[in-house]
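The values are calculated or read from the model by the stated rules, or taken from the named source; none is laboratory data. As the structure is a computational prediction, the values presented were derived from the model and not from experiment. So basically every Cβ, Gly included, is an ideal-geometry build from the backbone, and we count neighbours across all protein chains shown.
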Amino acid sequence: MPHSSIIKLILLSILLVVSAVNCLAQSTTGTVSMSATVSKFVEINSGGAVTLTGNSGGGVTTDGVANSPLAVSINLGELGPSNTNSFVTAAVPLKLRSNAAYVLSMTSTVTSSGTTSSRITAADVGFGLGTISRSGLGVNSGADTNATSGDPTLAANGSVNGTTGRYEFTAVRSNLNAFSSATTALSGPIIMNAVPRSNANGLTVPALFAVKPQFFENGTTTISVTFTVTAP
Amino acid sequence: MFESRKAVLSALAITTLLMLSAAVSYAQTTGSVTMTATVSNFVELTSGGAVTLTGNSGGSIITDGTANSPLAVVVNLGELGPSNTNSFVKLSVPVRLRSNVGYQLNMVSSVAGAGATSFSLKDTDVGFGLTPAARPANLAAGTDTNATPGDPTVGGSTDVNGRWVFAGSNSTLGAYAVSGEVLTGPRVNKTVAGNSNTSLTVPAIFAIKPQFFDPAPAITITAQFTVVAL
């Protein structure tokens, strides 16, 4: 091979290498990769002001404020026979929101200074969830399952015991005795559509508590109820 | 006789050779060098620097952008459900462009792993926009045409179902399920050396409004940019 041809071949090779290097340096694409998570979300808040009726000397000590944490405190007043009302009732609005199916459970305690069988017990405190409302922009329609018997003051949910004469809440999960340990009170499918959290709508349901004034043993009674919502 | 003819022929041959050599020597008084070259279209896309992630809950920048290096950013946006109480999860990615010709920047994107119900996060829930500024004096004069409405966190509203909707056309990744133009313009660089750092840097902004999306543990959102010469 002639000498000049060899030199040309070498120069051509260098040119190709330089060109290749230049081509590699020219980036024309780029990527942005993003990962993210949407976790299950369930929330319980106050649905608004408490309604207390049939009370004698009672009052709402700490009222509910819509969309704020539920921390209601109520003095039910007199529950002895001097209170002539049929029932002392407290309706506590709850507001639930979720991006998944939910379960609302409740646990309660009733402590009384009384020592006899005539003291107020958990079975004397009627309980039920009222009408469930899924309404407003962004709230998903769905069928909820109420595990309680509804308004405990309904005639169908209680009566006087024919043997003892004591008024008893007799329907399924119609008194706090059924909630001495965490027990499901309500469950249902996803509550909220894909809307921002600033959307204040949700599922509302009143939690209804009722005590029939009777010849209970005198003393003081403390009733404590805790609601918990979970995403199963 | 034969010997003498041979001598004459030899003499003639030598004379001819000398004359030819002389002629050649006299003609070689100039020379030329001929060069050919090419300037090809050059368009380049690299990272414009570090990304900015705001409004996140539990997110982080996994692979940050490095100025003048290939764009290969990886970001965990974190929680996009309602437990994130920020208005937007926002990611700003600086994109750097250089060219010696008119350019077109395209993007194609995808969203995966978010679920398939009407409440799942979709590509239309990922806001997108570019916010190019006027070119500085050290770049070739020209106006870049932004095909997006700009910062997706500006404007927007809820629809009849209460879901957040980003304002304007081409304002979400839903517009880029197939490759589409996001920015075009005339040549970017003046006639400067290839190692010059002068470039057009444009923030690419991605934004998601946390909402009551369907739970999804592993959502992947990918955006690929490609620049081509016009």
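Across segment B:113-130, the number of residues qualifying as among the aliphatic types (A, V, I, L, M) and more than 24 Å from the chain's Cα centre (by Cα) comes to 3.
A:Tyr102 fulfils the conditions (1) surrounded by 12 or more Cβ atoms within 10 Å (Cβ to Cβ); (2) at pLDDT below 95 except for a single criterion, (2).
Please find, within segment B:196-221, the residue that is surrounded by the most Cβ atoms within 10 Å (Cβ to Cβ) out of those that are touching a Ser or Thr at 6+ places or on another chain (Cβ under 9 Å) and farther than 27 Å from B:Thr85 by Cβ.
By that ranking, first place goes to B:Leu200.
Contact map, segment B:142-170: residues that are closer than 18 Å to B:Val89 by Cβ paired with residues that are outside any loop (DSSP other than H, G, I, E, B) and of a type in the set (Phe, Trp, Tyr), Cβ distance under 9 Å, separation 6+ or inter-chain. Pairs shown: B:Pro152/B:Phe128; B:Pro152/B:Phe206; B:Gly156/B:Trp164; B:Thr158/B:Trp164; B:Phe166/B:Phe128.
Tell me whether segment B:132-139 contains one or more residues that are within 14 Å of chain A (Cβ to nearest Cβ), under 20 Å from B:Gly65 (Cβ atoms) and touching a strand residue (DSSP E or B) at 6+ places or on another chain (Cβ under 8 Å). No - not one qualifying residue is present in segment B:132-139.
Taking the criterion of being in a strand (DSSP E or B) and within 14 Å of chain B (Cβ to nearest Cβ), the residues of segment A:91-105 that qualify are A:Lys95, A:Leu96, A:Arg97, A:Ser98, A:Tyr102. B:Gly58 fulfils the conditions (1) at the interface with another protein chain (Cβ under 8 Å from one of its Cβ atoms); (2) surrounded by fewer than 16 Cβ atoms within 10 Å (Cβ to Cβ); (3) touching a residue at least 60 places away in the same chain (Cβ under 8 Å); (4) not hydrophobic (A, V, I, L, M, F, W, C) except for a single criterion, (3).
Has segment A:201-222 got at least one residue that is among the aromatic types (Phe, Trp, Tyr) and assigned to a helix (DSSP H, G or I)? Walk me through it before giving the result.
Of the residues in segment A:201-222, the ones among the aromatic types (Phe, Trp, Tyr) are A:209, A:215-216.
Cutting the leftovers down to assigned to a helix (DSSP H, G or I) gives us none.
Within segment A:201-222 (the criterion being among the aromatic types (Phe, Trp, Tyr) and assigned to a helix (DSSP H, G or I)), the answer is no, since none of the residues qualifies.
Residues in segment B:177-186 that are of a type outside the set (Val, Ile, Thr) and either within 13 Å of the chain's Cα centre (by Cα) or within 12 Å of chain A (Cβ to nearest Cβ) (or both): B:Ser179, B:Glu181, B:Leu183, B:Gly185. With respect to (1) without any contact (Cβ under 8 Å) to a residue 40 or more places away in the chain; (2) within 19 Å of the chain's Cα centre (by Cα); (3) away from every other protein chain (no Cβ under 12 Å), the lone exception for B:Asn195 is condition (3). Can B:Gly48 be described as farther than 24 Å from B:Thr191 by Cα and either in contact with a Pro (Cβ under 9 Å, 6 or more places away or on another chain) or within 7 Å of chain A (Cβ to nearest Cβ) (or both)? It is false that B:Gly48 is farther than 24 Å from B:Thr191 by Cα and either in contact with a Pro (Cβ under 9 Å, 6 or more places away or on another chain) or within 7 Å of chain A (Cβ to nearest Cβ) (or both). Looking only at segment B:113-131, residues that are away from chain A (no Cβ under 12 Å), surrounded by fewer than 18 Cβ atoms within 10 Å (Cβ to Cβ) and closer than 30 Å to B:Pro217 by Cβ come to 1 in all.
Conditions tested, residue by residue: (1) β-branched (Val, Ile, Thr); (2) on the phi > 0 side of the Ramachandran plot; (3) over 25 Å from the mean Cα position of the chain (by Cα).
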residue: A:Ser56; (1), (2), (3): no, no, yes
residue: A:Ser86; (1), (2), (3): no, no, yes
residue: A:Ala90; (1), (2), (3): no, no, no
residue: A:Thr107; (1), (2), (3): yes, no, no
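Counting only residues that are within 14 Å of chain A (Cβ to nearest Cβ) and not in a strand (DSSP E or B), segment B:198-225 holds 7 of them. Residue-level check: of (1) on the phi > 0 side of the Ramachandran plot; (2) surrounded by 18 or more Cβ atoms within 10 Å (Cβ to Cβ), B:Gly155 misses just (2).
Listed here are the residues, each with its yes/no results for (1) of a type in the set (Ser, Thr, Tyr); (2) more than 10 Å from chain A (Cβ to nearest Cβ); (3) more than 21 Å from B:Asn41 (Cβ to Cβ).
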| residue | (1), (2), (3) |
| --- | --- |
| B:Thr66 | yes, yes, yes |
| B:Pro70 | no, no, no |
| B:Val74 | no, no, yes |
| B:Glu79 | no, no, yes |
| B:Asn86 | no, no, yes |
| B:Val93 | no, no, yes |
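Filtering A:Gly48, A:Gly58, A:Gly80, A:Gly54 for residues that are surrounded by fewer than 16 Cβ atoms within 10 Å (Cβ to Cβ), farther than 30 Å from B:Val89 by Cβ and not basic (Lys, Arg) leaves a single hit, A:Gly80. Under the condition of being more than 9 Å from chain A (Cβ to nearest Cβ), farther than 20 Å from B:Phe166 by Cα and of a type in the set (Val, Ile, Thr), the residues counted in segment B:95-112 number 1. Close contacts from segment A:82-100, counting a first residue that is over 23 Å from A:Asn146 (Cβ atoms) and a second that is outside any strand (DSSP E or B), with Cβ to Cβ under 6 Å and a gap of 6+ residues or different chains, come to A:Asn83/A:Pro213; A:Asn85/A:Gly54. Which residues, taken from segment B:181-213, are within 30 Å of B:Phe119 (Cα to Cα) and of a type in the set (Val, Ile, Thr)? Scanning segment B:181-213 gives B:Val182, B:Ile205, B:Ile208.
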